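**Student:** My questions will all concern the structure given below.
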Amino acid sequence: MSRIGIAISGGPNPAEIVDLVVLAESLGYESAWVAEGHGGDQFAILAACAMRTSRIRLGTAISSVFVRTAPTIAMAASTVAELSGGRFILGLGSSHKAQVGPEHGVIYTKPLTRTRETVAIVRTLIRDGLVSFEGETIRIGSFDLTYAPRYRDVPVYLSAVFPKAIALCGEIADGIILTRSTLHTAVPVRAQMAEAARQAGRDPAGIEVTTLLPTSVASTRDGALAALRPGLAFYAGFFPRYNRMMAEHGFAAEAATIAEAWARGDREAAERAVSDAMIDATSIVGTPEQCRVQVEAYRQSGIDVPILSPFARGPEAKSRFEAAIRACAPA
């Protein structure tokens with residue numbers, strides 16, 4: 001069976017997300033990932049998913065290393081691992097300066113160092129039940145668990161976009177979570193991770209490559225493209241990191257126009273600047289048949305697990321997610 005994951009963010013409420021994960025398991029999806037952002041608490045939702053499923057892997061995509069303390073992340077990860085019978089994957093990332101400070105009141109500094117130190121603390125605490133740490137961004141005198149975790153080796157995947165973060169994945173992670181990648185992304189990413197892994201004395205073959213792919217399934221390709229245009233305008237307009245990524249994907253002119261329009265508050269102009277080619281290159285979009293072909297193309301390009309990330313808001317969000325899950329279910 002082809003490996004494919006589903007990511008759920010925004011739109012559906014927590015109870016609906018659990019229903020969608022149950023559906024995904026019944027249709028053969030190998031993993032389900034819950035985002036953080038502005039939805040319900042991801043660890044609580046995944047704990048509920050754990051109690052209603054038995055096979056599907058459950059992951060965070062991603063949990064920010066800035067908005068929770070490292071011991072809190074470790075306890076949450078250990079809890080979901082316990083409740084799921086070892087099916088949990090801890091997906092971590094630095095999130096964005098544009099969000100962390102204004103939305104959480106937390107100082108955003110040295111994101112790669114913060115990520116590295118968080119991983120070290122989480123792994124030590126889950127493995128040993130006790131941690132003390134003196135780092136550049138995190139200092140912990142002593143923290144201990146009052147229970148003995150049943151699963152001492154929770155897989156840690158890291159999100160990455162640019163070379164330094166990709167190298168960090170090669171150095172310390174069990175997997176990488178890419179986002180809005182193209183069919184040309186996997187090969188250079190694997191090479192960068194392999195070099196970092198070898199320098200760290202690790203086998204790069206053991207690092208899983210996944211990617212979050214915005215997904216829109218409709219009866220017509222034009223309808224599917226239209227549904228994804230606002231989301232891409234937001235990502236390329238609001239997040240400097242993603243604007244740069246789109247430029248490096250070969251859409252420098254579109255990225256510059258989107259950034260300019262977004263800066264002056266003209267969201268309609270930003271959306272108009274999103275070309276069909278930009279959406280096609282970084283998304284799963286079209287009719288069910290077209291989407292299934294695109295998923296397989298990503299798999300053939302070197303992605304171990306393509307992760308569909310439907311975009312839907314409003315009262316029909318659950319039904320739109322459900323339609324995408326059914327349309328792209330593995331054969």
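**Student:** Which percentage, to the nearest 5, of the DSSP beta bridges contained in the chain is antiparallel?
**Tutor:** 10
**Student:** Across the chain, where is the longest run that never hits trypsin sites (Lys or Arg not before Pro) in a DSSP loop with at most 15 other C-beta atoms within 10 Å?
**Tutor:** In the chain, the maximal stretch lacking such sites is 153-263.
**Student:** Hey, what angle do you get for helix 70-84 against the long axis of the chain, alpha-carbon based, 0 to 90 degrees rounded to 10?
**Tutor:** With both axes taken from Cα atoms, the answer is about 80 degrees.
**Student:** List the residues whose amide H sits under 5 Å from the amide H of Thr109, counting only those 5 or more places along or on another chain, with H placed 1.01 Å from N in the peptide plane.
**Tutor:** Result for Thr109 returns nothing.
**Student:** Quick one: 3J(HN,Hα) in Hz for the stretch 17-30, Karplus 6.51/-1.76/1.60 with θ = phi - 60°, rounded, Gly and Pro as x.
**Tutor:** 4, 4, 4, 5, 5, 4, 4, 4, 4, 5, 9, x, 5, 8
**Student:** For the stretch 242-257, take each phi angle, set θ = phi - 60°, evaluate the Karplus expression 6.51 cos²θ - 1.76 cosθ + 1.60, and give the result in whole Hz per residue in order, putting x for glycine and proline.
**Tutor:** 6, 5, 4, 4, 5, 4, 6, 6, x, 10, 5, 5, 4, 4, 5, 5
**Student:** Next question, about the same structure. Let me spell out the model: positive unit charges on the Cβ of Lys and Arg, negative unit charges on the Cβ of Asp and Glu, origin at the Cα centre of the chain. What dipole size does that give, in debye rounded to 20?
**Tutor:** The calculation lands at about 280 debye.
**Student:** Rank Pro240, Phe133, Met193 by how far each Cα sits towards the positive end of the charge dipole of the chain (+1 on Lys, Arg Cβ; -1 on Asp, Glu Cβ) and give me just the farthest.
**Tutor:** Phe133
**Student:** Moving on. Cα-based Rg of the chain per 2.2 N^0.38 Å, rounded to two decimals?
**Tutor:** Relative to the 2.2 N^0.38 Å estimate, the chain comes out at 0.96.
**Student:** Sticking with this structure for a sec: In whole Hz, what ³J(HN,Hα) sequence does the stretch 183-189 give by Karplus (6.51, -1.76, 1.60; θ = phi - 60°), x for Gly and Pro?
**Tutor:** With the stated coefficients, the stretch 183-189 comes to 6, 9, 7, 4, 4, x, 5 Hz.
**Student:** Relative to the first principal axis of the alpha-carbon coordinates of the chain, what is the inclination of helix 42-52, with its axis defined by its Cα atoms, in degrees from 0 to 90 and to the nearest 10?
**Tutor:** Once rounded, one gets 90 degrees.
**Student:** Positive end of the dipole of the stretch 156-228, charges at C-beta (+1 Lys, Arg; -1 Asp, Glu), about the Cα centre: which of Gly175, Thr215, Ser159 has its Cα farthest in that direction?
**Tutor:** Ranked along the dipole, the leading option is Thr215.
**Student:** Between the stretch 114-148 and the stretch 33-92, what is the separation of their alpha carbon centroids in Å?
**Tutor:** Using only Cα atoms, the two centres lie 18 Å from each other.
**Student:** Taking the Cα-to-Cβ direction at Leu27 and at Glu289 and moving 7 Å from each Cα, how far apart do the two end points lie in nm?
**Tutor:** 1.9
**Student:** Further question on the same structure: Taking the alpha-carbon distance from Lys164 and a cut-off under 19 Å, which lysines remain once sequence neighbours fewer than 8 residues away in the same chain are dropped?
**Tutor:** Lys97, Lys110
**Student:** Relative to the Cα centre, what is the charge dipole magnitude of the stretch 221-286, using +1 at the beta carbon of each Lys and Arg, -1 at the beta carbon of each Asp and Glu, and rounding to the nearest 20 debye?
**Tutor:** So the magnitude is around 180 debye.
**Student:** Over the alpha carbons of the stretch 221-286, what is the largest minus smallest coordinate on each principal axis, giving the biggest first in Å?
**Tutor:** Here the Cα extents, ordered largest to smallest, are 30, 23, 16 Å.
**Student:** Taking amide H positions as placed in the peptide plane 1.01 Å from N, state which residues far from Glu208 in sequence (5 or more) or on other chains have amide H under 5 Å from it.
**Tutor:** Distant-sequence amide H within range of Glu208: Gly175, Ile176.
**Student:** Would you mind checking the tilt of helix 221-238 against the longest principal axis of the Cα atoms of the chain, expressed as 0 to 90 degrees and rounded to 10?
**Tutor:** Long axis of 221-238 versus the principal axis of the chain: about 50 degrees.
**Student:** List the residues, sorted by chain then number, that are 5 or more residues from Val285 or on another chain and whose placed amide H is less than 5 Å from its amide H.
**Tutor:** The list, which skips near neighbours in sequence, is Ser216.
**Student:** Let me ask something else about it. Counting alpha carbon pairs within less than 8 Å and at least 6 residues apart, what relative contact order, in whole percent, applies to the chain?
**Tutor:** On the way: 641 pairs, mean separation 63.1, N = 331.
Computed value for the chain: 19 percent relative contact order.
Every number in this text was worked out from the coordinates using simple rules, so none of it is lab data. Please read these numbers as outputs of a predicted model, since none were measured by experiment. Positions of Cβ are generated from backbone atoms using ideal geometry, with glycine treated the same way; all protein chains shown enter the neighbour counts.
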